[in-house]
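Scroll down for the structure; my scribbles are underneath it.
Throughout, read-outs are computed from the coordinates displayed, never taken from laboratory work. Being a predicted model, the structure only gives us computed values, none of them experimental. A quick note on method: Cβ atoms are made from the backbone with ideal geometry, for glycine too, and the neighbour counts reach across all protein chains shown.
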Amino acid sequence: MKKRYLGLFAACLLSGHLWAESPKLRSDVPDTYTVVKGDTLWDISGRFLQNAWMWPEIWHVNPQISNPHLIYPGDVIKLVYIDGKPRLTLDRGIKKLSPQAHVLDQNAAIATIPLDRIASFLSKARIVSPDELKKAPYVVSGESEHLLSGKGDKIYARGTFDPDISAYSIYREGQTFKDPNTRELLGVYASSIGGAKMRALDDDIATLLSTRSQEEIRINDRLLVDDGQSIDSNFVPSAPSSEVDGEIIFVEGGVTQVGKMNVVLLNRGQREGLVVGNVLAVYKRGATVRDSQRGDKVTLPDERAGLVMVFKTFEKLSLGLILEAERPLSVADKVKNP
């Protein structure tokens, strides 16, 4: 019974083709699993499903639980059959010792992926347009005309400031990304240097106090208002709702070889329908070889070699975490629907 494939879920019409995927239970799927500290939703999904990103398709929402999408250590996940179809249900796992309500802290819920792998991107990675950087206020001097400043130092910046905004993040212009195929400008990588709070504003010169710094703040570093994007650790893995055909264009750290738990940049984003939690398959490009019989060159088929999960999206780009890598991946490898 446990080894049966689940029935096809509602198909989506994508780019004129009928595309559908069905969740597949593992052959060794357990009847129950008790969540422990350190688990991630991806780990737990993989205990039950061969294709872990299909988790939402068999998740049975329990209306008696205030937020059934949050899972905590001690919760018990059960495999049951409803109308003959496998479903996963959640037992809160809290014993009732008194009539008082038991309040769970949302921050204690397990994360979808290991947060330590993307912690540096919670405020660091930001993709902006060249005009956005060009128009942003910039550092003109440190205290006592110092060229370098750090946390706790006074800095001076020049530009157009909103008097109602007191907190700014400090960025340094990084690599400009273009689509490898169309050469379209996709955005500029702005590296986070630190943060500062406004102390005084005199015409277009602002006096600020540096509140944090990952690196030394330099002349011409830019000041930007928080973009409002935060990374929710409790998102659910899912397949994209539309057809995606892109590639890896950058690896954090500037390396070319990619392994499990590396952060990568994809040349597809919000405009292509990608959302946080989407899982994509990574394909190694087929090599071009010479046919010794005919004398011409042929390109071998692409081979599936891993999985990447999107954890932050921009208009034309996305940041993803490599969750599986059957062999070393690299820049220019393709990403497609899983």
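Numbers below:
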read-out	value
Length gained when the stretch residue 243-residue 31 is fully extended (0.36 nm per residue, less Cα-Cα span)	72.9 nm
Calculated FRET efficiency for the pair residue 271/residue 226, C-beta based, R₀ 25 Å, to 0.05	0.65
Long-range Cα-Cα pairs in region 245-336 (distance over 16 Å), rounded percent	52
Calculated FRET value between residue 300 and residue 135, using beta carbons and R₀ = 41 Å, to 0.05	0.30
Extension gain from residue 144 to residue 285, taking 0.36 nm per residue of separation minus the Cα-Cα distance	45.3 nm
In nm, spacing of pseudo-spin labels at residue 183 and residue 83 (7 Å Cα→C-beta vector)	5.5
Two-site label geometry, residue 293 and residue 166: point separation in nm, points 7 Å out along Cα→Cβ	7.7
Over region 123-224 - Rg/Rh using Cα atoms and the Kirkwood inverse-distance radius	1.02
FRET E, pair residue 22, residue 326, Förster distance 30 Å, beta-carbon r, rounded to 0.05	0.85
Anchor residue 134: aspartates and glutamates whose Cα lies under 14 Å away (excluding residues fewer than 8 positions away in-chain)	173, 221
